[in-house]
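Step one of this worksheet: look at the structure below.
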Ligand SMILES: [Zn+2]
């Protein structure tokens, strides 16, 4: 494992950086169609630029991790020829690294302990009010928040698909949790460290994480580390017009990998030719890499998967 001292600082990078992307599923169940679309889009985006694609298993949130799910996800991705170019990275192997970077933030006086419960935050309308910022709590069993100040604030960024993103109000900038009460690094914090130590240059993921990007950029600024480029793709909806979830897993045809790939490419606006429906997986992937056009990805997926699937499903 790389220690922080061996890693380049933001001033050491020589542009252009290598293109490196990743897909980072949480092993809470098997891959569903929405995750397949995300994995495929990030794969095509880096492969069409001759880059490296890595699978990262987001297994820190242990209460959500399901036994055997990561193996199942990796195997499913394998069926689609979506294979990691480097050894698969498990977040749970990197706890010491998260701690090391956390100490950096603590030393910079950018963190504080917060004892607010979810219940309290719900009661005040769901938006944290920075209550504990000046309370100097020291009991070690609290969550840790990052202070947003004039130096580390980020209120705009350019998304590779949705364009300029801007915070809308003051309530969009509230001190956020980087380490949970149970000691588990927060999603936003761990993903920033991972992207940095894996030298990820391009993040392409689902739109449900677009707002979280602000906090990730704030963390990168606080740590004085490079930020990757971010692009988000629309979410695949189920017939009830809600984000597809693991329980909608049945929407993936379990045997017909070619059809699933064809459907995913179709949703992504890549206009795959009809013949690809019955082509072999490697052939579909090769053709998709060659023809990938990020600009064709729509802002919303108007269709949902069931519209495409054969009537027997
Ligand atoms: Zn608090």
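The values are calculated or read from the model by the stated rules, or taken from the named source; none is laboratory data. Source: prediction; values computed, not measured. Neighbour counts run over all protein chains shown; Cβ positions are idealised from the backbone, glycine included.
Can you find, within segment 159-178, the residue that is farthest from residue 107 (Cα to Cα) among those that are without any contact (Cβ under 8 Å) to a residue 24 or more places away in the chain and under 21 Å from the mean Cα position of the chain (by Cα)?
163
Among the listed residues 19, 73, 55, which satisfies the condition of being without any contact (Cβ under 8 Å) to a residue 40 or more places away in the chain and either farther than 23 Å from residue 95 by Cα or within 16 Å of the chain's Cα centre (by Cα) (or both)?
After ruling out the rest, the residue left standing is 55.
Just give me the residues in segment 54-75 being part of a loop (DSSP other than H, G, I, E, B) and within 14 Å of residue 22 (Cα to Cα), in sequence order.
58
Would you check if residue 78 is part of a helix (DSSP H, G or I), surrounded by fewer than 14 Cβ atoms within 10 Å (Cβ to Cβ) and away from the ligand (no atom under 16 Å from the Cβ)?
Judged against the criteria, residue 78 is a match.
Out of the residues in segment 191-204 that are closer than 30 Å to residue 117 by Cα and in contact with a helix residue (DSSP H, G or I) (Cβ under 6 Å, 6 or more places away or on another chain), which is surrounded by the most Cβ atoms within 10 Å (Cβ to Cβ)?
Among those that are closer than 30 Å to residue 117 by Cα and in contact with a helix residue (DSSP H, G or I) (Cβ under 6 Å, 6 or more places away or on another chain), it is 192.
Taking strands (runs of 3 or more DSSP E) that do not extend beyond segment 88-187, which have at least 2 residues that are more than 12 Å from the ligand (Cβ to nearest atom) and under 30 Å from residue 201 (Cα atoms)?
Here the list reads 156-159, 163-166, 176-179.
If the requirement is being surrounded by fewer than 22 Cβ atoms within 10 Å (Cβ to Cβ) and at pLDDT 95 or above, which of these qualifies: 151, 166, 216?
One residue alone meets the criteria, 166.
Please specify each residue of segment 1-36 satisfying the condition of being at pLDDT 95 or above and under 14 Å from residue 233 (Cα atoms).
Scanning segment 1-36 gives a single hit, 23.
Please tell me if residue 146 is touching a helix residue (DSSP H, G or I) at 6+ places or on another chain (Cβ under 7 Å), touching a residue at least 60 places away in the same chain (Cβ under 8 Å) and within 30 Å of residue 33 (Cα to Cα).
no
Within the group 176, 157, which residue is surrounded by fewer than 19 Cβ atoms within 10 Å (Cβ to Cβ) and within 29 Å of residue 54 (Cβ to Cβ)?
Answer to the selection: 157.
Considering each residue of segment 59-75, count those that are under 28 Å from residue 256 (Cβ atoms) and surrounded by 18 or more Cβ atoms within 10 Å (Cβ to Cβ), and give that number.
4
Among (1) over 24 Å from residue 41 (Cβ atoms); (2) within 21 Å of the chain's Cα centre (by Cα); (3) at pLDDT 95 or above, where does residue 144 come up short?
(2)
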